[in-house]
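Peer 1: My questions all concern the structure below.
The values are calculated or read from the model by the stated rules, or taken from the named source; none is laboratory data. Here the structure is a predicted model, which means the values were calculated and not measured. As a convention, Cβ positions derive from the backbone with ideal geometry for all residues, glycine included, and neighbour counts pool all protein chains shown. Side chains included, ligands, DNA and RNA excluded: accessible areas come from the protein's heavy atoms. Shrake-Rupley method; radii C 1.70, N 1.55, O 1.52, S 1.80 Å.
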Amino acid sequence: VVAEIEKKITEAFEVFDRESNKTVDARDIGCVVRSLGCFPSESELNELLAKIEEEEEESTGFIHLEKFLPVMTKLLLDRSYWPIPEDVLLHAFEALDESKCGYITKEDLVKYLTEE
C-alpha cells in the first residue's frame, strides 16, 4: 500500500517538476496536493509547507521530492485532508447555475474561474 501511495505522489509531483530535477516550485505544492484528491485549507497548506521546509537546509523556494514524499505519504495514510463533500460542490454549482437549467456553459465557467 505504501509503495502504491508513494508512486502516486511521485507521479503527481513529476507533473509539476518543470526542470525534471526532482524539485517543484513551492507555490505549486497546493496543485500537487489537490491533484492527489486532498483539499487542505490555506492554513493547512502553509503548515504542510513549513513542515517540509524545516527539513531543507536552506529555503530556496523549491520543494525536493525526497522531502515531500514522506510527509505527503503520511498525510494520505492518515487521511488528513478530506475531499470537499459532494453536497457542498452541488450547492456551489447550483449557485452558479443562475438560470436553473442544470448546467453551466464553458464560457461562464471560465469567467467564474478567472474573473470572479
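Peer 1: Suppose the filter is outside any helix (DSSP H, G or I) and surrounded by 14 or more Cβ atoms within 10 Å (Cβ to Cβ); does residue 13 pass it?
Peer 2: no
This table checks each residue for (1) of a type outside the set (Val, Ile, Thr); (2) under 14 Å from the mean Cα position of the chain (by Cα).
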| site | (1), (2) |
| --- | --- |
| 10 | no, yes |
| 31 | yes, yes |
| 38 | yes, yes |
| 49 | yes, yes |
| 52 | no, no |
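Peer 1: A further question follows. Got at least one residue in segment 55-78 being of a type in the set (Lys, Arg) and part of a loop (DSSP other than H, G, I, E, B)?
Peer 2: no
Peer 1: Separate question: Consider only pairs whose beta carbons are under 6 Å apart and that are at least six residues apart or on different chains; among these, list those whose first residue lies in segment 78-102 and is over 20 Å from residue 114 (Cβ atoms) and whose second residue is open to solvent by less than 70 Å² (accessible area, probe 1.4 Å) and not hydrophobic (A, V, I, L, M, F, W, C).
Peer 2: Matching pairs, first to second residue: 81/40; 83/37.
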